[in-house]
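Data block below; observations after.
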Amino acid sequence: GQQLNQSPQSMFIQEGEDVSMNCTSSSIFNTWLWYKQDPGEGPVLLIALYKAGELTSNGRLTAQFGITRKDSFLNISASIPSDVGIYFCAGQGAGNQFYFGTGTSLTVIP
Amino acid sequence: DTEVTQTPKHLVMGMTNKKSLKCEQHMGHRAMYWYKQKAKKPPELMFVYSYEKLSINESVPSRFSPECPNSSLLNLHLHALQPEDSALYLCASSRNFGDGWKFFGPGTRLTVL
């Protein structure tokens, strides 16, 4: 199946810094979602986006649905140690197609 | 209740064993999914049940056999697995098939010896 490309693949940042990551596709999606996965746990949904150009926040997290409908962005402000984990984007297209991104591994250094 | 539960948390089995993974949700969701996840990789879809009927089988080997006894339960029966089947097995549910908002369980860490 199709794979969404996430960038960067991994990040090592200092506590308190802001984080930006993105997800790109060659196809258009109707819904973009961002999940976080802690080690040994299942992915947890952070933010869901349903309209091109939509900007949605969840606490220190902000995500945007790209206007081309082929990309999405996630920003984390003032990172803290518990932000550590792997962040996956996911796209929902027509015909019930649902694809995960390749993941961005985040390490926060206290 | 917005939780998907999975048992067991960990499972070690030999290649000749038969075991089952269980998943339960009480959110009234009508779509349930099995995913397989290798370390540092995204989850890979295995099966989708919609209204208790198998809708998608992503060419999964027959040594994996899903079952949906009712709208709240999903099982994955395992038989004659191979060491390369060792992975985290995730169950998920959504309100309907096609709803991108999926709730995931904590997963079963499976090791095949």
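Values as computed for the structure displayed
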read-out: Quarter of Cα convex hull surface for region B:11-113, i.e. mean projection, nm²; value: 6.1
read-out: Solvent-accessible area buried by B and A, counting both chains, probe 1.4 angstrom, square angstrom; value: 1400
read-out: Volume of the Cα convex hull of region B:1-63, divided per residue and given in Å³; value: 126
read-out: Accessible solvent surface per residue of region A:35-110, calculated while the other protein chains remain in place, 1.4 angstrom probe, Å²; value: 43
read-out: Carbon + sulfur, % of accessible area of the protein assembly as shown - ligands and nucleic acids excluded, 1.4 Å; value: 51
read-out: Chain B - accessible surface per residue (Å², probe 1.4 Å); value: 49
read-out: Relative counts (whole %) of C-alpha pair distances in region A:47-103, using bins that are 5 Å wide; value: 4, 16, 26, 26, 16, 8, 3, 1
read-out: Computed over chain A, Cα set: Rg, Dmax in Å; value: 13.3, 44
read-out: Simple label model, 7 Å out from Cα along Cβ direction - B:HIS79 to B:LYS9, nm; value: 3.0
read-out: Principal semi-axes in Å for region B:39-96 [√(5λ), Cα gyration tensor, largest first]; value: 20, 14, 10
read-out: Amide N proximity, region A:8-37 versus A:VAL84 label position 7 Å along Cα-to-Cβ, cut-off under 12 Å; value: A:13, A:15
read-out: Cα-Cα pairs of the protein assembly as shown separated by more than 29 Å (percent); value: 27
read-out: Shielded by partner chains, region A:88-103 residues - at least 40 Å² of accessible area, 1.4 Å probe, vs chain alone; value: A:GLN92, A:ASN96, A:PHE98, A:PHE100
read-out: Lysines with Cα under 23 Å of B:LYS18, excluding same-chain neighbours fewer than 8 positions away; value: B:LYS9, B:LYS36, B:LYS38
read-out: Solvent-accessible area lost in complex, 30 Å² minimum, residues of region B:93-113 relative to chain alone, 1.4 Å; value: B:PHE97, B:GLY98, B:GLY100, B:TRP101, B:LYS102, B:PHE104, B:PRO106
read-out: Contour excess over end-to-end distance, with Cα ends at A:GLU15 and A:LEU55 and 0.36 nm allotted per residue; value: 11.9 nm
read-out: Eligible aspartates and glutamates near B:LYS22 by straight Cα distance, threshold 19 Å, same-chain separation 8 or greater; value: A:GLU41, B:ASP1, B:GLU3, B:GLU44, B:GLU52, B:GLU67, B:ASP85
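The values are calculated or read from the model by the stated rules, or taken from the named source; none is laboratory data. For clarity, every value in this text was computed on a predicted model and none was experimentally measured. With ideal geometry, Cβ positions are generated from the backbone for all residues, glycine too; neighbour counts draw on all protein chains shown. Ligands, DNA and RNA are excluded from the accessible area calculation, which covers all protein heavy atoms including side chains. Shrake-Rupley method; radii C 1.70, N 1.55, O 1.52, S 1.80 Å.
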